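The values are calculated or read from the model by the stated rules, or taken from the named source; none is laboratory data. Fair warning: this is a prediction, and the values are worked out from it, not measured in the lab. Don't worry about glycine lacking a Cβ; one is built from the backbone with ideal geometry, like all the others, and counts go over all protein chains shown. Note: areas computed on protein heavy atoms with side chains; ligands, DNA, RNA excluded. Shrake-Rupley method; radii C 1.70, N 1.55, O 1.52, S 1.80 Å.
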Amino acid sequence: MDALYAICRTFEIDDNDARGFILRKAAGADGEGASWPIIISRKGSNYFGFEDACPHQGLTLGAGGGEVMDNEGNFLVCRHHGAQFDLDSGTCFSGPCQGKTLASVKVVVDDGDVCIAGVELAEEDGLDLPESDAPEVAVTGD
Ligand code: FES
């Protein structure tokens, strides 16, 4: 079974909302772990994970720790050129990359924790941003 990495508690993401997290992938052969921004969204009791890389130009939706939801809280939005994405499918329905989809990340809810699987993370929080710019992430291997 894949390792599970707990990202946050289920109640820490409101229904019809999403949060960005900056993780760090495990070091490869070069010894360098890569910073890896992701987004976890929620619809009801379902959680969805996406790589935070806009299909338009590969930039992070929130422009480095910013808000990833539109102002009305209905969908994901890229702050660079306004692409709008469904919360559950990650598909862009309006904007310069319409029809393209955010790369998905496998999410598993385990005992009240929202976890990701299918990747290997460094055993550190990997937060490079100032505390005020990024949510706290406690990554634990399972
Ligand atoms: S980089 Fe996201 S809309 Fe252009």
Self-check item: Carbon + sulfur, % of accessible area of the range 19-62 - ligands and nucleic acids excluded, 1.4 Å
Solution: 46 percent
Self-check item: Surface per residue (accessible, 1.4 Å probe) for the range 5-133, Å²
Solution: 50 Å²
Exercise. Please give the FRET efficiency for Lys43 paired with Arg79, using the beta carbon to beta carbon distance and R0 = 35 Å, rounded to the nearest 0.05.
Key: 0.95
